[in-house]
1. Using the per-residue mean of other Cβ atoms lying within 10 Å as a proxy for protection, in what order, highest first, do the peptides 86-96, 37-47, 15-25 fall?
2. Can you give the local net charge around Ala87? Use residues other than it whose beta-carbon is closer than 15 angstrom to its beta-carbon, Lys and Arg +1, Asp and Glu -1.
3. Which of the three applies to the range 64-109, rounded, prolate or oblate, going by the alpha-carbon gyration tensor with a ≥ b ≥ c and a/c under 1.5 meaning rounded?
4. How much net charge surrounds Val31 when only other residues with a Cβ under 9 Å from its Cβ are counted (Lys, Arg +1; Asp, Glu -1)?
5. Given the protein chains as shown and a 1.4 Å probe, how many square angstrom of Leu50 are accessible, to the nearest 10?
6. Would you report the distance distribution of C-alpha pairs in the range 1-95 as whole percents per 5 angstrom bin, up to the bin with the largest distance?
Amino acid sequence: IIESMETATEMLLESRKEALKSSTTHARLAVDLGLAASISLTNLGVAHSLLSSSNNDSDISRKNSMECWERGVETLDDILRDAMNSAIIIPNWVIQCMESVRARLYCNMSWTLLGFDRLEENNGGKLEDVS
């Protein structure tokens, strides 16, 4: 299933690049495709992270997760940069959605960097109560 998710994500990213090359009328489509790609990268990173708990290559899966999430943040940054360069007005609700996706990406990265995914593996899926 991860391979099909990767393929779909790559197709979104390539379609976004092509929409940007086509004309300024396709620039709005490029924003939408970029947003969809960043969401897909978020989910793909989570899939890699979940895979790490079920196999022995957990460090490789964590690395793949982080790479997906970093690409997601880069894609969101590219959307804003391209919009400024082509003078596209991005609706406020799209900006809010982008910031929500960005927050989710950073939360996923933090969760992994802090090692909470490893805590779940070691404690059988239960986190300790520290209150």
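1. In descending order of packing, they fall as 37-47, 15-25, 86-96.
2. +1
3. oblate
4. Details: positive: Arg16, Arg28; negative: Asp32, Asp82.
Result for the neighbourhood of Val31: 0.
5. Estimated to the nearest 10 Å², Leu50 gives 120 Å².
6. 3, 15, 23, 20, 15, 10, 8, 4, 2, 0
The values are calculated or read from the model by the stated rules, or taken from the named source; none is laboratory data. Nothing here was measured: the structure is a model prediction, and the numbers come from that model. Positions of Cβ are generated from backbone atoms using ideal geometry, with glycine treated the same way; all protein chains shown enter the neighbour counts. Areas reflect the complete protein model, heavy atoms only, side chains present, ligands, DNA and RNA absent. Shrake-Rupley method; radii C 1.70, N 1.55, O 1.52, S 1.80 Å.
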